[in-house]
Amino acid sequence: MGSMNDGSSNQHSELELLGAVIQREPGAWQTFFKRHERLILACLRRVYNRYHVPMTREQLEDLVGMVCLDLVRGDYKKLRKYDPDRGYRLSSWVGLIATNIAHDALRRRGPPHTSTDDEESPLTELTSALPDPLEVLNHKERVEILAEAVTHLTPTDQEFIRLYYKEQRTPEEIAETSGVSVNTVYSRKNKVRGKLVKLVRTLTRADHLRQE
């Protein structure tokens with residue numbers, strides 16, 4: 001009975017945090033990311049390890065950023081799709097999204113790789129590429145702030161970020177899809193980047209003030 005109550009309490013806590021994130025309550029996204037960061041990292045590494053694909057520190061950081069962008073894109077569209085009545089936890093839903101991001105990245109990388117589900121490499125091969133704790137802390141802060149900054153962009157700007165950075169479409173492809181010129185795509189990229197820089201600076205200052 002005790003374990004069932006603990007599980008129910010944990011699920012309730014997850015749903016409360018999810019609601020706070022969607023409602024953009026201060027600090028909610030940071031708490032959500034910290035709670036699920038280890039899970040996201042594990043899912044990303046597991047996919048790359050399964051296919052014996054080496055992954056650098058920079059690639060791992062990029063993938064974490066892609067997961068965060070996917071979670072916040074479209075006013076938390078994918079998080080809003082989570083349905084607790086289906087019998088799985090919110091962490092499982094986040095893990096599935098991270099796993100899909102990793103598979104998408106491998107598909108963009110080139111030819112399919114041979115799966116080794118029954119013979120995975122030791123975890124030491126994965127942890128050896130990780131940065132020292134200070135670098136991890138700095139990276140966590142950057143990812144959290146950047147992901148929060150994206151939520152303040154318009155849906156159009158968020159869609160551009162998805163196409164340009166997550167799907168890595170060329171300016172020519174985006175121009176053709178959007179019905180605009182290539183010059184317009186480059187101009188939009190600069191404008192979106194400028195907005196993000198300003199938002200990150202504002203959020204960074206606010207974060208520092210909260211910590212003082």
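The values are calculated or read from the model by the stated rules, or taken from the named source; none is laboratory data. Everything quoted here is computed from the prediction, not taken from an experiment. Neighbour counts run over all protein chains shown; Cβ positions are idealised from the backbone, glycine included.
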Q. For the subset of the stretch 25-66 comprising residues that are of a type in the set (Gly, Ala, Ser), within 25 Å of His152 (Cα to Cα) and assigned to a helix (DSSP H, G or I), which member is modelled with the highest pLDDT?
A. Ala28
Q: Can you work out which of the residues in the stretch 23-40 that are aliphatic (A, V, I, L, M) and buried (at least 18 other Cβ atoms within 10 Å of the Cβ) is nearest to the chain's Cα centre (by Cα)?
A: Ile40
Q: Tell me which residues, restricted to the stretch 176-198, are modelled with pLDDT of 85 or more and among the aliphatic types (A, V, I, L, M).
A: Val185, Val192
**Q.** Tally, over the stretch 175-202, of residues that are touching a Leu at 6+ places or on another chain (Cβ under 9 Å) and under 19 Å from Leu69 (Cα atoms)
**A.** 5
Q: Looking only at the stretch 165-179, count how many residues are exposed (fewer than 14 other Cβ atoms within 10 Å of the Cβ) and either of a type outside the set (Gly, Ala, Ser) or within 24 Å of the chain's Cα centre (by Cα) (or both).
A: 6
